[in-house]
1. Just the number, please: percent antiparallel of the DSSP beta bridges in the protein assembly as shown, rounded to the nearest 5.
2. Could I have the simple spin-label model distance between A:ASN88 and B:ASP79, label points 7 Å from Cα toward Cβ, reported in nm to one decimal?
3. Counting DSSP beta bridges with both partners in region A:2-98, what percentage is antiparallel, nearest 5?
4. With the cut-off at 42 Å, report for the protein assembly as shown the share of all Cα pairs above it, as a whole percent.
5. Let me have the 222 nm mean residue ellipticity of chain A computed from DSSP H runs of 4+ only, each contributing -39500 (n - 2.57), with the sum over all residues rounded to the nearest 500.
6. In what sequence do B:ILE98, B:ILE31 fall when counting other Cβ within 10 Å, fewest first?
7. Given springs between every Cα pair under 10 Å in a Gaussian network model of chain B, which of B:GLN228, B:GLN72, B:GLN64 has the largest fluctuation?
8. Just in region A:23-102: which GluC sites (Glu not before Pro) are loop by DSSP and have at most 14 other Cβ atoms within 10 Å?
Amino acid sequence: MKITITDRNGNTNDYEFRNKQKLTSLMVQNNLDEGFGLCGGFLDCGTCHVVVESGGSMEKQEDEQDCLDAFAFNANDKSRLACQVTLNESWDGASIKIVPDN
Amino acid sequence: MKYYDIFIVGAGPVGLFTVFEAGLLGLTCGIVDALDRPGGQCTELYPEKPIYDIPGVPYQTAQQHVDALLEQIKPFNYDVYLENEILTVNKEKENLFIIELKSGEFISAGCIFMASGGGKFVPKKPNLLNLDVHENSGLVNYTLKNIDSLKDKEVVIFGAGDSALDWCLLLNERQIPKKLTLVHRTGKFRASPHSVNSLMDKVEKNEITLYLNSNATSINDQGITINQKESEHFLKADKIFMFFGLLMSRANLGSFESLWNINGLINVNTENFQTTIPGVYAVGDCNTYPGKLKLILSGFHETTLAVQSAYKSIKGETPEFQYTTTSTNLIDILKR
C-alpha cells in the first residue's frame, strides 16, 4: 500500500506502508519529521499537523480535535494529527500534505 | 576570551553525556542551549514519560534520566550557557573556532559538537502585523518569569493549554494584575479538567474575563484587537502573553548553515561522526548516516567515538584507552 506525502519543502513522493503502521513512524523512517511530533504522540503539541488532500479517514477522537484547536494554527476540517493516524487500506492511495509551519 | 576544547550545542542527554566522555579524556566543555534549563526535549516535553531502553536502567522517567546525567558529569568542570544560541561561528584555523553567542559573548573552541536533537524550541506565534515591534517593546511575551512585575497591570493571556490556564489562575490567586483576560481561539480547552473548572469558576465571579472563539486581528502599543464572531473588541493591555505551544526550528549554525541537509539533518561519517567541516561533529538526533536510529543510546555511542576523534585532533595524539573500572586516574576523578 502507498500514500502520497508532500513535505514541508513542497516535494511530493509516494511512500509504501504496512497495514496498521502509524503515520508518524512512516514519516520518521523517511526523514520527513523535521520539527515534527515534539510531544511523542501524547496530544500535547499539535506539531504533527497534516492536511488530508484526498482519501484516508477523517474519523478522530475528541482529544485530537481539542489538540488541533489549541495548538495548530492553520487547522481546518481536513486537518489530522499524524500521531493519531493508523494507516490501513483506507489510506492506500491517499494524499496528505505536511503543514509547513504549525 | 574563554576557551573550551569542545563547545556543545544542545544540553539534552547526548550533549550532557559528551561532557562525561570529554571529561574522562581531560577535555574541557562549554554547552549552549536555547532553553532556560538543561535536559532538552526530555525536560521540556515529557519529563514524566518513562524511558525503558537505557542499557542497565530498566526504568527511568525522562527527567530522572536527565538528573542522573547531571549527577554523572558533576566531577567535571563545564559551563552552561542557557537561553542562548550561536549567532556566528568562524573557523580561524585547524582546531580553533571563534563563536559569537546571542548574548554577545565570544568563545573560542577547539571543536564544535552539534547535539541539537530535533532543533531549538521556539514559541508559536500568530500572524500579526508588526508583532516583532511589540515583542521588542516588551508588550508581547511568550514566557512569564517575573510575576511581580505584573502588579496592577492589565494583562491579556492567549492560549488554551496548561501553560495559559496555570498562569492565569496563579495571577488571579495572587491578585497581581489589575485586570486579567484570557482569550482562546476555539471553545474548548486542552488543559487538566481541574484547571478548566477553576477557570470557569473565576470567570463566573468576574475575576477573569474570558473570550472564546476569538482571534487576535491587530495590535498596537495600547493593546490588542480580537474578533469574536462578527464583533470586534479592543483589549487594553500593558502585557500580553501568548501561550500557543512550541515549535522546533533548526539550531543556528552561523556560517555553517550549509551543514543541514534537505531533511534538516547533518550528514556525518560513522567512524567519528564528523561533518564535512573538520572539527565540527554532529551527534544524537540531529545527525544522519546509513542505518541511523534516533535513540538516546545511539547518541551516547556516537559522541563517545566523536570525543576520541576530537582529542586526537586537538592534542595531536591518540588518547590512552582506559576503563573507568580499573584506571586509578579515572577512579580518582569519579569516586565519591
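None of the figures in this text is laboratory data; all of them are computed from the coordinates on show. For clarity, every value in this text was computed on a predicted model and none was experimentally measured. Neighbour counts are summed over all protein chains in view; Cβ atoms, including those assigned to glycine, are modelled from backbone coordinates with ideal geometry.
1. Numbers: 44 of 83 bridges.
Once the DSSP bridges in the protein assembly as shown are tallied, antiparallel ones form about 55 percent.
2. Once both label points are built, they end up 5.8 nm from each other.
3. Values: 13 of 16 bridges.
Once the DSSP bridges in region A:2-98 are tallied, antiparallel ones form about 80 percent.
4. Values: 20970 of 95703 pairs.
Every Cα pair in the protein assembly as shown considered, those over 42 Å come to 22 percent.
5. Values: 2 runs with 17 residues, N = 102.
Mean residue ellipticity at 222 nm (helix-derived): -4500 deg cm²/dmol.
6. Details: B:ILE98 14, B:ILE31 26.
Least crowded to most crowded, the residues run B:ILE98, B:ILE31.
7. B:GLN228
8. Details: sites: A:GLU34, A:GLU53, A:GLU59, A:GLU62, A:GLU64, A:GLU89; in loops: A:GLU34, A:GLU59.
Sites meeting the loop and neighbour criteria: A:GLU59.
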